[in-house]
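Working notes, beginning with the structure itself.
The values are calculated or read from the model by the stated rules, or taken from the named source; none is laboratory data. The structure displayed is predicted, hence computed values, not measured ones. Note that we place each Cβ from the backbone using ideal geometry, even for glycine, and neighbour counts take in every protein chain shown. For the accessible areas, the whole protein counts, side chains as well, though only heavy atoms, and no ligand, DNA or RNA atoms are used. Shrake-Rupley method; radii C 1.70, N 1.55, O 1.52, S 1.80 Å.
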Amino acid sequence: MKLIAGLGNPGKEYQNTRHNSGFMAVDLLAEKLGTSISTNKFNALIAQTRIEGQAVLLMKPLTYMNESGSAVSQAVSYYKIEPEDILILHDDMDLPVGSLRIRKKGSAGGQKGMKSIISCLNTDEIARIRIGVGHSEKGNHKVVPDWVLSPVSKADREAFDTVLKAASDAAYAWVYKDMDKVMSEYNIKVKKETKEEE
């Protein structure tokens with residue numbers, strides 16, 4: 001069994017916000033597979049499906065972002081899933097809108113949902129797909145909560161929708177392809193806009 005979890009916050013008020021990029025991408029994957037992530041189990045919405053003949057559990061934790069590890073660890077324990085068979089999709093403010101970065105492992109990098117998962121599973125050897133949502137104001141951490149809990153602007157929407165689809169396609173490919181190949185095929189680099197950030 002492989003686990004693909006998209007991170008976000010439950011509730012209509014968060015539905016189309018930057019912080020729910022993981023939810024949106026995994027929903028696109030479910031749609032592609034002709035299923036919906038609607039069964040309530042492990043403090044999450046889940047769907048059991050198959051990709052290229054392999055059993056896959058799709059998940060959207062309902063614990064709110066900061067406690068994502070609680071839901072993920074319950075499913076991991078129940079199905080005895082190994083760390084190398086886990087993929088997490090989440091938003092990333094350090095990446096410009098339209099960019100996608102796939103990593104085999106590493107620190108949470110400030111993403112609290114990923115931090116919770118690493119803490120609960122006691123390992124950072126977890127693959128993740130980071131979906132760029134851009135930053136609010138450089139160095140202004142007070143506006144971060146409002147920023148991530150707001151929708152992507154109309155100007156950025158096309159690039160954002162494109163990267164969500166790429167994230168769902170990358171998650172599909174991750175199930176049966178070598179990780180290095182997935183990274184080379186699906187990583188999308190977008191230059192940051194201001195000169196001081198380049």
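Some values worked out for this structure:
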| quantity | calculated |
| --- | --- |
| Matching option when the condition is within 12 Å of the chain's Cα centre (by Cα) and over 27 Å from Glu158 (Cβ atoms), among Met65, Met24, Met114, Met59 | Met59 |
| Those strands (runs of 3 or more DSSP E) lying entirely in the stretch 28-94 with at least 1 residues more than 25 Å from Lys12 (Cβ to Cβ) and either open to solvent by less than 10 Å² (accessible area, probe 1.4 Å) or out of contact with any strand residue (DSSP E or B) (no Cβ under 6 Å at 6 or more places or on another chain) (or both) | 44-51, 54-61, 86-92 |
| Subset of the stretch 99-108 [in contact with a helix residue (DSSP H, G or I) (Cβ under 6 Å, 6 or more places away or on another chain) and either more than 21 Å from Lys154 (Cα to Cα) or surrounded by fewer than 21 Cβ atoms within 10 Å (Cβ to Cβ) (or both)] | Ile102, Lys104, Ala108 |
| Single residue of Ala173, Ala127, Ala167, Ala159 found to be over 14 Å from the mean Cα position of the chain (by Cα) and modelled with pLDDT of 90 or more | Ala173 |
| Tally of residues being over 13 Å from Met65 (Cα atoms), open to solvent by 10 Å² or more (accessible area, probe 1.4 Å) and in a loop (DSSP other than H, G, I, E, B) across the stretch 109-131 | 5 |
